[in-house]
Structures are given as structure tokens and as C-alpha cells.
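Chemist: My structure is below; once you've seen it, I'll send some questions.
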Amino acid sequence: MVARTSVSAGLVVIGDEILSGRTQDANVAYLAKWLNEEGVALREVRIVADDRDAIIEAVNTLRERCDYCFTTGGIGPTHDDITVDAVAGAFGVEVVYDDEALDMLAAYFGSDQLTEARKRMARVPEGGGLIENPMSGAPGVRRENVFMLAGIPGIMRGMLEGLRGELAGAEPMRSQAVTVFAPESSMADALTTIQDAHPDVAIGSYPFFSQGRVGAVLVVRSTEAARIAPVILAIKAAAERLDAQWEDGE
């Protein structure tokens, strides 16, 4: 059983169009937030081409390193949609047609319009199952701890809702931010001291320069909301000692 104190996921973003710059990925941030709601931390993201060996290597690495591995892209009807084939290769199994998926596609397109190309979207790695897709007829695919999702953002998000509540997650990570209007370097020593005093939280510092003002957004994260408040207060006190302005964030 997956330990509920810390549950991780990796993501393989698949597609030549992402690497070429023709398409901007819109799924990573959404998936990270969705996973956090389920108590799962997204630990690593890899972007790979439509190359079977590259997908196999990435999937095998992340499914072994993380509790869950997600993929986006490459499960459509065209010749270059090879994610299912690659994941089957990663597990060392054959690709088969799923009867339930074929019925879904026939109901969506009509039996007389179920072309060989569309039937490709009913293929799964042997031993795999389906992920509900409320947006179109083609389901997502899952095998063990690997979940194959569409690359189109709206469809991918619908598939995630089909997985809502099915992952064995830990407590979701909570966060609170405070913006300090001072050079990040001036806060560095104080942040080190605060972090050492509160090892059970994570403090992230994100510097910025905007509209002539220099500062840093300091984000405090913990699975326990009660542990965040004293750290935020300590940061504000450190800022005031520097005569730096601060304001609360989300």
C-alpha cells in the first residue's frame, strides 16, 4: 500500500509539437494543482518526442521513481499517436482492443462511422483499463500506476475528474504567501534562521522586479495549516526589522 504521509507523481508530456514550440503546454500547472487537491505531489515532469523508445524510458523511470506516473498526449487516432504502444512496451505486454472502449466509440460516432483510425482510440496495453472521458467518446487509459491522458487541455481535465477520489493520496499541501518589498538577498539570512526553526514547513522565495519595485514573494507550505501561521509572522517581523514593506498574498 502507498504510504499516505508522502505520495508523489511524475508526468511525461508527449509530443513533437511541444518540443518544436508550435504548441504551448497548458496541462502541467493544472495537473499539479489537481494532484495537490488529491494529496499527491507532482515531483518531476519530462517532455519527450513522439518516439517509442524515449516514451518507454521516461515512463519506466517515473513509474518506478514515483507512486503514480501520468502521460499527456499521443492517445488519438493518427499514426503518430503511439503512447499506448509505448506504455505497453514499458510493461512488456501486447496492445489489445478494449470491448468497452469500442462500445463507447460506436455510441459516440455511430457504428457505421467507427473507422479503423477511430478504433485506435480503443486500444489499451494488455491488462489495462479505461479512464472516463465526459468530453468526447475516446476514454483515457490506465495500467497499474500509469495513467494515459489526452493532450488537449479540456479533454485532459475531464479525464482527471473521472479519476477524482481514486488515488491513494496523503494530506494535501497547503500554502500561504507574503510579498516583501526588499531585495531577496537582504532577507536571506533571516529566511535561513526561520527555516531552521521550522523544519516541518517549506519556504520558497521567488524574487521579482515589477514597476520599479524589487521584492520577493515568500511562499510557506505545509500539510498542516497551523504550522504556516507562525512562519508567516516570523517573515513579517524580519521584514519590519529591515524597514521593508510587506503585503499578504494567497
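Chemist: Considering each residue of the range 89-117, count those that are of a type outside the set (A, V, I, L, M), within 18 Å of Ile131 (Cβ to Cβ) and surrounded by 15 or more Cβ atoms within 10 Å (Cβ to Cβ), and give that number.
Modeler: So the answer is 3.
Chemist: So which of Phe181, Phe209 is touching a Gly at 6+ places or on another chain (Cβ under 9 Å), more than 23 Å from Ala41 (Cβ to Cβ) and surrounded by fewer than 13 Cβ atoms within 10 Å (Cβ to Cβ)?
Modeler: The match here is Phe209.
Chemist: From Ala86, Ala122, which residue is among the small types (Gly, Ala, Ser) and modelled with pLDDT of 95 or more?
Modeler: Ala86
Chemist: Residues that are among the basic types (Lys, Arg): which helices (runs of 4 or more DSSP H) entirely in the range 1-107 hold 1 or more of them?
Modeler: Numbers: elements: 16-20, 28-37, 52-65, 83-91.
Per the criteria, 28-37, 52-65.
Chemist: A further question on this structure: Taking the criterion of being among the charged types (D, E, K, R), over 23 Å from the mean Cα position of the chain (by Cα) and not in a helix (DSSP H, G or I), would at least one residue in the range 134-146 satisfy it?
Modeler: In the first step, residues of the range 134-146 are kept if they are among the charged types (D, E, K, R); the result is 142-144.
With over 23 Å from the mean Cα position of the chain (by Cα) added as a condition, the list becomes none.
Looking through the range 134-146, none of the residues is among the charged types (D, E, K, R), over 23 Å from the mean Cα position of the chain (by Cα) and not in a helix (DSSP H, G or I).
Chemist: Any residue in the range 122-136 that is under 11 Å from Phe91 (Cβ atoms) sitting within a Cβ distance under 6 Å of a residue that is of a type in the set (Gly, Ala, Ser) and at pLDDT 90 or above? List the pairs, counting only those 6 or more apart or interchain.
Modeler: Sorted first by the residue in the range 122-136, then by its partner, the pairs are Pro125/Ala88.
Chemist: For residues in the range 192-232 being within 26 Å of the chain's Cα centre (by Cα) and among the acidic types (Asp, Glu), which is nearest to Ala177 (Cα to Cα)?
Modeler: If we take residues in the range 192-232 being within 26 Å of the chain's Cα centre (by Cα) and among the acidic types (Asp, Glu), then Glu224 is nearest to Ala177 (Cα to Cα).
Chemist: If I go through the range 62-79 residue by residue, how many of them are more than 17 Å from Ile47 (Cα to Cα) and touching a strand residue (DSSP E or B) at 6+ places or on another chain (Cβ under 6 Å)? Explain how you work it out, then say what you get.
Modeler: Residues of the range 62-79 more than 17 Å from Ile47 (Cα to Cα): 64, 67, 76-79.
Next cut, touching a strand residue (DSSP E or B) at 6+ places or on another chain (Cβ under 6 Å) only: 67.
The number of residues fulfilling the criteria is 1.
The values are calculated or read from the model by the stated rules, or taken from the named source; none is laboratory data. No experiment lies behind these values; they were computed from the predicted model shown. Every residue, glycine among them, receives a Cβ derived from its backbone with ideal geometry; neighbour counts consider all protein chains shown.
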